[in-house]
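Trainee: Please see the structure below; I have some questions.
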Amino acid sequence: MPVTDPDTVSFSDLSRHPKDVAARAARLGRVRVTHRDSADFYLTSADKADSRDQSLTTASRLFLALMRQDPTARTLLLAMPEVFPWVRHLTEEEVREFTVELVGALSDAAELGTDGNAEEVVAGWRATARIKADPDAYREAKRPTDGDFGTVDVVA
């Protein structure tokens, strides 16, 4: 089995040498399996994945408890600029909304397995900060629109 990146194997390597790949995954904790015709995936042991899930659940519950103890979420709000420097382009209320929405999405990821939601929350708020960082673009975005912009294709 050719060795390039010790954390990565091809799907072909996995199918040709499953025991070797499984041993590598056990030794490293996980390996990335690349596939030419589809998305990559990780091969990991169930106990490692369960441990990662439990860590996410614990962190999520901790953040929710902090927010219940302090409805203003002051501690979390103070940390947001360190974690997401671009929040400086948002108002205080927007940072608070982002914080509450992110903690909710992290809770959903931990408790319901909806992993993509937190990424969507961050991406949406980052896009808001990006447009607000450019005064001309922000002014243009706030201009009222009129008329029909055509049909919208919705992909489910």
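The values are calculated or read from the model by the stated rules, or taken from the named source; none is laboratory data. All figures in this text were calculated on a predicted structure; none of them were measured in a lab. Neighbour counts are summed over all protein chains in view; Cβ atoms, including those assigned to glycine, are modelled from backbone coordinates with ideal geometry. Heads up: the accessible areas ignore ligands, DNA and RNA and are worked out on the full protein's heavy atoms, side chains in. Shrake-Rupley method; radii C 1.70, N 1.55, O 1.52, S 1.80 Å.
Trainee: Can you work out which of the residues in the range 128-156 that are in a loop (DSSP other than H, G, I, E, B) and within 25 Å of residue 88 (Cα to Cα) is least open to solvent (accessible area, probe 1.4 Å)? Talk me through it step by step, then tell me what you get.
Mentor: First pass over the range 128-156, keeping only residues in a loop (DSSP other than H, G, I, E, B): 134, 143-156.
From what is left, the residues that are within 25 Å of residue 88 (Cα to Cα) are 134, 143.
Values: 134: 69, 143: 135 Å².
Result: 134.
Trainee: Taking the range 51-78, which residues are among the small types (Gly, Ala, Ser) and within 28 Å of residue 29 (Cβ to Cβ)? Show your work before the answer.
Mentor: Filtering the range 51-78 for residues among the small types (Gly, Ala, Ser) gives 51, 55, 59-60, 65, 73.
Within the range 51-78, 51, 55, 59, 60 qualify.
Trainee: Given (1) in contact with a helix residue (DSSP H, G or I) (Cβ under 9 Å, 6 or more places away or on another chain); (2) open to solvent by less than 80 Å² (accessible area, probe 1.4 Å); (3) more than 29 Å from residue 9 (Cβ to Cβ), identify the lone condition not met by residue 85.
Mentor: Every condition holds for residue 85 apart from (1).
Trainee: Also: With respect to residue 100, determine if the residue is in contact (Cβ under 8 Å) with a residue 24 or more places away in the chain and surrounded by fewer than 17 Cβ atoms within 10 Å (Cβ to Cβ). Can you show your working first?
Mentor: On the way: in contact (Cβ under 8 Å) with a residue 24 or more places away in the chain: yes; surrounded by fewer than 17 Cβ atoms within 10 Å (Cβ to Cβ): yes.
Yes, satisfied.
Trainee: Going by what's in this entry, would residue 52 be described as part of a helix (DSSP H, G or I), under 18 Å from the mean Cα position of the chain (by Cα) and not hydrophobic (A, V, I, L, M, F, W, C)? Talk me through it step by step, then tell me what you get.
Mentor: Working: part of a helix (DSSP H, G or I): yes; under 18 Å from the mean Cα position of the chain (by Cα): yes; not hydrophobic (A, V, I, L, M, F, W, C): yes.
Judged against the criteria, residue 52 is a match.
Trainee: Tell me yes or no: at least one residue of the range 75-94 is farther than 30 Å from residue 138 by Cα, in a helix (DSSP H, G or I) and at pLDDT below 85. Full working, then the answer.
Mentor: Of all residues in the range 75-94, those farther than 30 Å from residue 138 by Cα come to none.
The answer is no; no qualifying residue exists.
Trainee: Of 25, 65, which residue is in contact with a strand residue (DSSP E or B) (Cβ under 6 Å, 6 or more places away or on another chain) and over 24 Å from residue 126 (Cβ atoms)? Quick ask: steps written out before the conclusion?
Mentor: Values: 65 fails: in contact with a strand residue (DSSP E or B) (Cβ under 6 Å, 6 or more places away or on another chain).
Criteria check complete, one pass: 25.
Trainee: Here are some conditions: (1) open to solvent by 70 Å² or more (accessible area, probe 1.4 Å); (2) farther than 23 Å from residue 126 by Cβ; (3) small (Gly, Ala, Ser). Residue 45 meets all but one. Which one does it not meet?
Mentor: (1)
Each row is one residue, and each column tells you yes or no for (1) in contact (Cβ under 8 Å) with a residue 24 or more places away in the chain; (2) surrounded by fewer than 14 Cβ atoms within 10 Å (Cβ to Cβ); (3) part of a helix (DSSP H, G or I).
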site	(1), (2), (3)
9	yes, no, no
13	no, no, yes
24	no, no, yes
39	no, yes, no
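Trainee: Of a type in the set (Asp, Glu), surrounded by fewer than 16 Cβ atoms within 10 Å (Cβ to Cβ) and touching a residue at least 40 places away in the same chain (Cβ under 8 Å) - does that describe any residue in the range 111-119?
Mentor: Of all residues in the range 111-119, those of a type in the set (Asp, Glu) come to 111, 115, 119.
Filter once more, so that each one left must be surrounded by fewer than 16 Cβ atoms within 10 Å (Cβ to Cβ): 111, 115, 119.
Add one more test, that the residue is touching a residue at least 40 places away in the same chain (Cβ under 8 Å), and what stays is 111.
The answer is yes, given that some residue of the range 111-119 is of a type in the set (Asp, Glu), surrounded by fewer than 16 Cβ atoms within 10 Å (Cβ to Cβ) and touching a residue at least 40 places away in the same chain (Cβ under 8 Å).
Trainee: Please tell me if residue 108 is without any contact (Cβ under 8 Å) to a residue 40 or more places away in the chain, part of a helix (DSSP H, G or I), over 30 Å from residue 29 (Cα atoms) and of a type in the set (D, E, K, R). Steps first, answer last, please.
Mentor: Details: without any contact (Cβ under 8 Å) to a residue 40 or more places away in the chain: yes; part of a helix (DSSP H, G or I): yes; over 30 Å from residue 29 (Cα atoms): no; of a type in the set (D, E, K, R): yes.
For residue 108, the condition - without any contact (Cβ under 8 Å) to a residue 40 or more places away in the chain, part of a helix (DSSP H, G or I), over 30 Å from residue 29 (Cα atoms) and of a type in the set (D, E, K, R) - is not met.
Trainee: Under 8 Å between Cβ atoms, at least 6 apart or on separate chains: pull out the pairs that start in the range 70-81 with a residue that is under 11 Å from residue 96 (Cα atoms) and end on any residue that is of a type in the set (Ser, Thr, Tyr) and part of a helix (DSSP H, G or I).
Mentor: Partner pairs satisfying both residue conditions: 73/99; 76/99; 77/99; 80/99.
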